[in-house]
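Chemist: One structure coming up, written as structure tokens, with questions to follow.
Derivation of every value follows stated rules applied to the coordinates shown; laboratory data play no part. Computed from a predicted structure; not experimentally measured. Positions of Cβ are backbone-derived with ideal geometry, glycine not excepted, and every protein chain shown enters the neighbour counts.
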Amino acid sequence: MTHALLTGCGTALATPFTAAGELDERALRGFVDWQIDEGIDFVVPCGSTGEAATMTPAEHYRVVEITVEQARGRVPVVAGAGSNDTAKAIETSRRMQEAGATHLLHVSPMYNKPPQRGIVAHFTAIADATTLPIVVYNVPGRTGSNIEAATTLELAKHPRIIAVKEASANLPQITDCIAGKPRDFAVLSGDDELTVPILALGGDGLISVISNAVPALMTKLVRVARAGDAAAARELHLQLLPWMRAAFIESNPVPVKAALAMMGKMENVLRLPLVPLADSKVAAVRAALVTAQALR
């Protein structure tokens, strides 16, 4: 079975929690609707930005189920299902498929630090155990290990491994992925600030953090950059640059949750060990949102 190429701008969704720390289902429904109404191309629940690491399996399932319900087939739903335990990753994949996800996002195993052949074995086992298309997520800053370009291109041979979210910030490595990939495999930026150069080199899209607050502008940036309008892409990039920087002034999603609270989208509630944005950094986030026209 062939799968449609995953392209454009997707949001790595933040997960709303109530003041009591429970899943805020009403806020999540409203947030998913707003993202789609703003023109986002796909949504990615239960990734790093979504604080999946501190969710119970039942909560993880429910977040994806609600996201699917609200999407109503309008955009793909790429559900985070990663684990450094391959058996658990396979079981989570099956649960995400039951919840209605259209795609799966699988991070390279963190902490264990398998060799490259172990990374290939991990993703191959998952892809063999599901019928959903899989996006490989390379984020060495969180996992402690890098997926080399040759490994990504080896995985791209599997019919159900259809894309890579590249957040290594290693532009030569990402270029090698773009240059060597098959036509039916997408290279997606996993770093907002590197999106324009990655798309200029032939990348296919972005899974964005900052689009939590500016989905329409980030979708437009990806669209004009893919169309080859370098001047328009540069203008949008420079407008959004303060927010791209402020969104990582502390660990993601700490600044994003603060921003979304300022915008009235959800409460500024995170689960330990994450904590709310330091008071000394709130002004920088607010100023960046004003520049990005997300706040007045």
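Chemist: For the chain, what is the mean residue ellipticity at 222 nm derived from helices alone (per DSSP H run of n ≥ 4: -39500 (n - 2.57); sum divided by total residues; nearest 500 deg cm²/dmol)?
Modeler: -14000 deg cm²/dmol
Chemist: Between Asp229 and Leu5, what is the label-to-label distance in nm when each label sits 7 Å out along the Cα-to-Cβ direction?
Modeler: Using points 7 Å along Cα→Cβ, the separation is 2.0 nm.
Chemist: Also, I was wondering about something else. Quick one: length gained pulling Ala58 to Arg245 fully straight, 0.36 nm per residue minus the C-alpha distance?
Modeler: Extending this stretch completely gives an extra 63.9 nm.
Chemist: Just tell me which lysines come within less than 29 Å, Cα to Cα, of Lys88; anything on the same chain fewer than 8 places away is out.
Modeler: Those lysines meeting the cut-off are Lys113, Lys157, Lys165, Lys181, Lys257.
Chemist: If R0 is 35 Å, what FRET efficiency do you get for Glu91 and Ala261 from their C-beta distance, rounded to 0.05?
Modeler: With R0 = 35 Å, the Cβ-Cβ based efficiency is 0.55.
Chemist: Within the range 231-265, name every residue whose backbone N is under 20 Å away from a label modeled 7 Å from Cα of Ala19 along the Cβ vector.
Modeler: Answer for the range 231-265: 257-265.
Chemist: Could you work out how much longer the chain between Ala169 and Arg26 gets when fully extended? Use 0.36 nm per residue separation minus the Cα distance between them, nm to one decimal.
Modeler: Stretched out fully, the Ala169 to Arg26 stretch lengthens by 47.9 nm.
Chemist: If I model a spin label as a point 7 Å beyond the Cα along the Cα-Cβ vector, how far apart are those points for Leu272 and Ala179 in nm?
Modeler: With each label point 7 Å from Cα toward Cβ, the separation is 4.9 nm.
Chemist: Something else now. Collect residues whose amide H, placed 1.01 Å from N in the peptide plane, falls under 5 Å from the amide H of Ala79; neighbours closer than 5 in sequence don't count.
Modeler: Thr102, His103, Leu104, Leu105
Chemist: Nearest-5 percent of antiparallel DSSP beta bridges in the range 8-227? It would help to have the intermediate numbers written out before the result.
Modeler: Working: 1 of 27 bridges.
Here the antiparallel bridges make up roughly 5 percent for the range 8-227.
Chemist: Let me ask something else about it. On average over all directions, what projected area in square nanometres does the range 183-296 have, based on the convex hull of its Cα atoms?
Modeler: Numbers: hull surface 30.5 nm².
Spelled out: convex hull of the Cα atoms, projected over all directions, averaged, 7.6 nm².
Chemist: What length, rounded to one decimal in nm, is gained on full extension from Ala287 through to Ala150, with 0.36 nm per residue of separation minus their alpha-carbon distance?
Modeler: 45.2 nm
Chemist: Now, a different point. If a helix is a whole DSSP H run, which ones in the chain reach 30 Å or further along their own axis (Cα) and hold a mean Kyte-Doolittle hydropathy of at least 1.6?
Modeler: Membrane-span-like by this criterion, though nothing is claimed about a membrane: none.
Chemist: If you don't mind, another one. Can you pull a Stokes-Einstein diffusion coefficient for the chain at 37 °C (0.692 mPa s), Rh from Kirkwood over Cα pairs, as a whole number of µm²/s?
Modeler: 174
Chemist: Which order, highest average first, do 75-87, 108-120 follow once you tally other Cβ atoms within 10 Å for each residue and take the mean per peptide?
Modeler: Numbers: 75-87: 22.9, 108-120: 15.8.
With the highest mean Cβ count within 10 Å placed first, the list reads 75-87, 108-120.
Chemist: What residues have an amide H closer than 5 Å to that of Ser208, excluding those fewer than 5 places away on the same chain, when H is modeled at 1.01 Å from N in the peptide plane?
Modeler: Here the answer is Gly10, Thr11, Ala12, since their amide H atoms fall under 5 Å of that of Ser208.
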